[in-house]
Amino acid sequence: MLPPTTSGRMPREPPEDRPPLSELAPWMPSKKGYWCCRSIVNLFYLISSLLLLVYIMVFGLLMFIFEIPKMFLRIFLRAGMSGFGMIVEHAYALPICKLHVVISRAVQQRWGRRRYHSRYLDIRTELSFDGEEGSCCFVHAIPCLTDNYCYLIIDASVESSKAAAEGHTGLPCCVVDPCDAGAVVAALTLLSDKHYAAFGGLSLEAVLCTHKHWDHAGGNTDLIRLAAAQSRESDEGDARRGAAESAGEGESDGAQPLARLRLVHPMRVYAGEDEDAPGCTDPVRHGEHMQVGALFFEALAAPGHTVGSLMYRLATPVSHVDDRPGEGQLEAAFAGSSSSSSPAGLRMDVLFTGDTLFSGGCGAQFEGCDLDIEHCFATMLAEVSLPDALLFPGHEYTSHLLEGRVKESLDTWGPVEPPGQFLAFCGAYYVAAHRRANRDKVPTVPCTLASERLLNPHFDRGLRRYAEIVLALLDAQATPDGAAALTD
């Protein structure tokens, strides 16, 4: 062994005295042989690593270069979208903006799995009248475009049914928001032949328009035009038959006419007086009434989505409701007093909300604010007192909105919320998603006022806001200064 050096370090032993590496670590690969192959492999990996580094740098730089204009585009687009409500308010009523209705219809018919987004031909809601056996009215939800609903309301009271069966003149009816006149006429023709042939089909007398947007009022003028054309054809046919009979060329064989759709001319189109709705012939205001056959409707102002939006309340004495997607029935007894502003003896149980209310949400406030939507929902609570009142929204948004509510509840749920409300959200979302996932795309409308008071956040916010106002008033009355201020 070598002696230590002056620095204190032990000198290294000669290489010939070291044990071989294979004895110290026999698992290590031997360095003998194939050194040329290893050099080539190492060179290949080095070149590959450099190329991969260049690849990442080039495409990273390209992404950064292209992300800069995208960032500016998002900023400019956000600035433009902030004024989207003004665009809808002032430009959406122009005829050129009806183009998106045509595009939606073309997309649904060309690329959709079926011509309509929901099943409708064998589904209807039946409202039975009190005091008259067999007297009722029917509501059909007709799918239009990609997610709209047009509602067909048919008067099947005893008097109307008897007159239609004897004269084969068709049952009186009206439609709510016929956005696509072609689809609506085709659906009404099928329904009249399938369900109402014994009464001579259907006689369309009026249109109830909730607001001016083309996806709700796009078919108003077309229905007016079709009614006028059908009236001219009928008059010409009557003149030809009269001339033939007077000339002795033919006689009537007394056969009953085929069941079909009759469009009454002139067609009445109701819309808000503050709304520039296409084809409006009868502007109405809050509280005014309309009559179609034996059915009475009341207009309820709902400004917010548009300044002149309306909801239509069907004023009928109702004993029970049958919602028939097949053979099943759902009967619920209604109780409540009549509205003082309505025809005597009528109870209000059905509301057509347009874009004011969806199941689980509401339409965007293009021409209003949050206070307006709170006022609209307070109007529903004040005017429609029955908890099982039926609400017919204008769009099939239920599954999407309830999914958002469930996700929101997962993040924000707290101990102050009512017990069981989250389970109610989950149950309602499951039912809606199951209906929409069904091959037949079963509609999720109508909904009830009681369920919406639990599921719709706007009812909850409105109630809390008014509770805060009432508590503030009570606190003000409790102090002399506050009571004096309230008196003044």
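The values are calculated or read from the model by the stated rules, or taken from the named source; none is laboratory data. Keep in mind that this is a model prediction, so the values were computed, not measured. Cβ: placed from backbone, ideal geometry, glycine included. Neighbour counts: every protein chain shown. Heavy atoms of the whole protein, side chains included, go into the accessibility calculation; ligands, DNA and RNA do not. Shrake-Rupley method; radii C 1.70, N 1.55, O 1.52, S 1.80 Å.
In the range 259-309, which residues are under 20 Å from LEU152 (Cα atoms) and polar (S, T, N, Q)?
Result: THR281, GLN291, SER309.
From the residues in the range 340-361 that are of a type outside the set (A, V, I, L, M) and open to solvent by 30 Å² or more (accessible area, probe 1.4 Å), which one is modelled with the highest pLDDT?
Among those residues, the one meeting the criterion is ARG347.
Quick check on the range 197-207: of everything there that is open to solvent by 10 Å² or more (accessible area, probe 1.4 Å) and among the hydrophobic types (A, V, I, L, M, F, W, C), which residue is nearest to TYR270 (Cα to Cα)?
So the residue we want is PHE199.
How many of the residues in the range 208-221 are open to solvent by 10 Å² or more (accessible area, probe 1.4 Å), of a type outside the set (Ser, Thr, Tyr) and out of contact with any Leu (no Cβ under 8 Å at 6 or more places or on another chain)?
Matching residues across the range 208-221 total 2.
Hey, can you tell me all the residues within the range 382-404 that are in a helix (DSSP H, G or I) and open to solvent by 20 Å² or more (accessible area, probe 1.4 Å)?
Of everything in the range 382-404, those that are in a helix (DSSP H, G or I) and open to solvent by 20 Å² or more (accessible area, probe 1.4 Å) turn out to be ALA382, GLU383, SER399, HIS400, LEU401, GLU403, GLY404.
Spot the failing condition for LYS194; the list is (1) in contact with an Asp or Glu (Cβ under 7 Å, 6 or more places away or on another chain); (2) farther than 29 Å from GLY272 by Cβ, and only one is missed.
(1)
Looking at ALA428, is it under 26 Å from ARG313 (Cβ atoms), open to solvent by 20 Å² or more (accessible area, probe 1.4 Å), in contact (Cβ under 8 Å) with a residue 24 or more places away in the chain and touching a Leu at 6+ places or on another chain (Cβ under 7 Å)?
Yes.
How about the range 170-201: which of its residues are in contact with a strand residue (DSSP E or B) (Cβ under 7 Å, 6 or more places away or on another chain) and within 15 Å of ASP215 (Cβ to Cβ)?
Once the filter is applied, which keeps residues that are in contact with a strand residue (DSSP E or B) (Cβ under 7 Å, 6 or more places away or on another chain) and within 15 Å of ASP215 (Cβ to Cβ), the range 170-201 yields VAL175, VAL176, ASP177, PRO178, CYS179, ASP180, ALA183, VAL184.
Quick test of your reading of the structure: ALA378 fulfils all but one of (1) surrounded by fewer than 18 Cβ atoms within 10 Å (Cβ to Cβ); (2) modelled with pLDDT of 90 or more; (3) among the hydrophobic types (A, V, I, L, M, F, W, C). Name the failing condition by number.
Of the numbered conditions (1) surrounded by fewer than 18 Cβ atoms within 10 Å (Cβ to Cβ); (2) modelled with pLDDT of 90 or more; (3) among the hydrophobic types (A, V, I, L, M, F, W, C), the odd one out for ALA378 is (2).
Could you check the range 222-249 and list, in sequence order, the residues that are among the polar types (S, T, N, Q) and open to solvent by less than 60 Å² (accessible area, probe 1.4 Å)?
Scanning the range 222-249 gives GLN230, SER231, SER234.
Could you look through the range 93-121, keep only residues that are part of a loop (DSSP other than H, G, I, E, B), surrounded by fewer than 18 Cβ atoms within 10 Å (Cβ to Cβ) and touching a helix residue (DSSP H, G or I) at 6+ places or on another chain (Cβ under 8 Å), and pick out the one that is modelled with the highest pLDDT?
Top of the filtered list is LEU121.
Of all residues in the range 149-170 being out of contact with any Pro (no Cβ under 8 Å at 6 or more places or on another chain) and at pLDDT 95 or above, which is surrounded by the most Cβ atoms within 10 Å (Cβ to Cβ)?
Applying the filter and picking the extreme gives ILE153.
Filter the range 233-270 for residues that are at pLDDT 75 or above, within 30 Å of THR221 (Cβ to Cβ) and of a type in the set (Gly, Ala, Ser) and give the result.
Result: SER234, GLY237, ALA239.
Would you confirm, using the coordinates I've provided, whether ASP475 is open to solvent by 80 Å² or more (accessible area, probe 1.4 Å), of a type outside the set (Phe, Trp, Tyr), over 27 Å from ILE142 (Cα atoms) and at pLDDT 70 or above?
Against the criterion (open to solvent by 80 Å² or more (accessible area, probe 1.4 Å), of a type outside the set (Phe, Trp, Tyr), over 27 Å from ILE142 (Cα atoms) and at pLDDT 70 or above), ASP475 qualifies.
Taking the condition of being open to solvent by less than 40 Å² (accessible area, probe 1.4 Å) and either over 24 Å from the mean Cα position of the chain (by Cα) or acidic (Asp, Glu) (or both), how many residues in the range 171-196 meet it?
6
Look through ALA450, ALA485 and report the one residue that is assigned to a helix (DSSP H, G or I), modelled with pLDDT under 75 and open to solvent by 40 Å² or more (accessible area, probe 1.4 Å). Even if it seems obvious, please write down each step before you answer.
Working: ALA450 fails: modelled with pLDDT under 75.
Every option except ALA485 fails the conditions.
For HIS434, are the conditions met, namely being within 26 Å of ASP370 (Cα to Cα), modelled with pLDDT of 90 or more and open to solvent by 80 Å² or more (accessible area, probe 1.4 Å)?
no
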